[in-house]
1. With r defined as the distance between the Cβ atoms of Ile41 and Tyr105 and R0 fixed at 45 Å, what FRET efficiency is calculated, to the nearest 0.05?
2. Grab the Cα-Cα distance for Lys82 and Asn67, subtract it from 0.36 nm times how many residues apart they are, and report the gain in nm with one decimal.
3. Considering only protein heavy atoms, with the full assembly of protein chains and a 1.4 angstrom probe, order Ser120, Ser185 by accessible area, largest first.
4. So, R0 is 22 Å and r is the distance between the beta-carbons of Met7 and Val75; what FRET efficiency does that work out to, to 0.05?
5. PRE reach from Leu137 (point 7 Å along Cα→Cβ): which of segment 75-93 fall under 14 Å by backbone N?
6. Using r as the Cβ-Cβ distance of Asn30 and Asn200, and R0 as 45 Å, what FRET efficiency do you calculate, to the nearest 0.05?
7. If each residue of separation counts as 0.36 nm, what is the full-extension length gain between Ala128 and Ala92 once their alpha-carbon separation is subtracted?
8. Calculate how steeply helix 42-54 sits against the longest principal axis of the alpha-carbon atoms of the chain, using the helix alpha-carbon long axis, and give the answer as 0 to 90 degrees to the nearest 10.
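The values are calculated or read from the model by the stated rules, or taken from the named source; none is laboratory data. Here the structure is a predicted model, which is why all the values come from computation and not from measurement. Virtual Cβ from ideal backbone geometry, glycine too; neighbours counted across all protein chains shown. Calculation scope for accessible area: heavy atoms of the full protein, side chains included, ligands and nucleic acids excluded. Shrake-Rupley method; radii C 1.70, N 1.55, O 1.52, S 1.80 Å.
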Amino acid sequence: GVIMGSMDLVKWEQKFAIAEEYYYEFGHLNVPDKYVYGGIILGNWIYLQRKNYRENKLSQEQIDRLNAMHMVWDVIEENWEKMFCEAQKYYANFGNLLVPISYHYDDIYLGKWISHQRQSYAKGKLPASKIERLEALGMVWDASNSNIASSFPEQAIFFYLSKIFPDAINRCTDYGCEIDIYIPSLMVGIEYDGFAWHQNKKKDIEKNKFLHDQGIQVIRVRESGCPELLIPAYCRV
């Protein structure tokens, strides 16, 4: 299925030589579609090679020569693998994939990517192999699950506390209300109070009293901007 005239081959060689120059300078061929280099729109040429590869219009020699420069034939698949690698790192640190949607660092928007995987799953567009790999990292598909609301700082606090107190429970619901982090051996509850969700101090004080009446001491980590919480005498230790 390879059809390329002699003039086309000459042009291909000329543009390949420019791609090779770029590769030796930068170590990859992942350029934006409109990227100009060496007097040609290199991005467009790279895009065309990918298209020709899918349509079986490149010779094996051309494929081999591009592979020697680490050509990425399927950009979407390559990106998925990169993000899955980031998900593995998150799981290694926190023991779950309950990634807040706003979570990102540098240009890696892991929270949005996890959300997109859930959407693809709900639409039946995520291949079984990918579902299996994500589930091996404890993926929760139903975003309405209360655990998804768990903020990144809360997850970080739980992670470090669970290293010291192996009995620590994240999102404990055994006492008639949800405790962000509960340590049964100490009968201590730790609440992470995010600015957006803790503007009503009355509710927070009522929860403190409710848990105090059951013998549970509450420690609150409050974000800047939360109203000051004057702890009633019955909650003081």
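1. On the way: r = 33 Å, r/R0 = 0.73.
According to the calculation, E is roughly 0.85.
2. Numbers: separation 15, 0.36 × 15 = 5.40 nm, distance 1.88 nm.
Residue separation times 0.36 nm, minus the Cα-Cα distance, leaves 3.5 nm.
3. Details: Ser120 20, Ser185 85 Å².
If we order Ser120, Ser185 from most to least accessible, we get Ser185, Ser120.
4. Numbers: r = 29 Å, r/R0 = 1.32.
The pair Met7/Val75 has a calculated efficiency of 0.15.
5. 79-93
6. Working: r = 49 Å, r/R0 = 1.09.
Given R0 = 45 Å and the Cβ-Cβ separation, E is 0.40.
7. Numbers: separation 36, 0.36 × 36 = 12.96 nm, distance 2.27 nm.
Once the chain is fully extended between Ala128 and Ala92, it gains 10.7 nm.
8. Tilt of helix 42-54: around 90 degrees.
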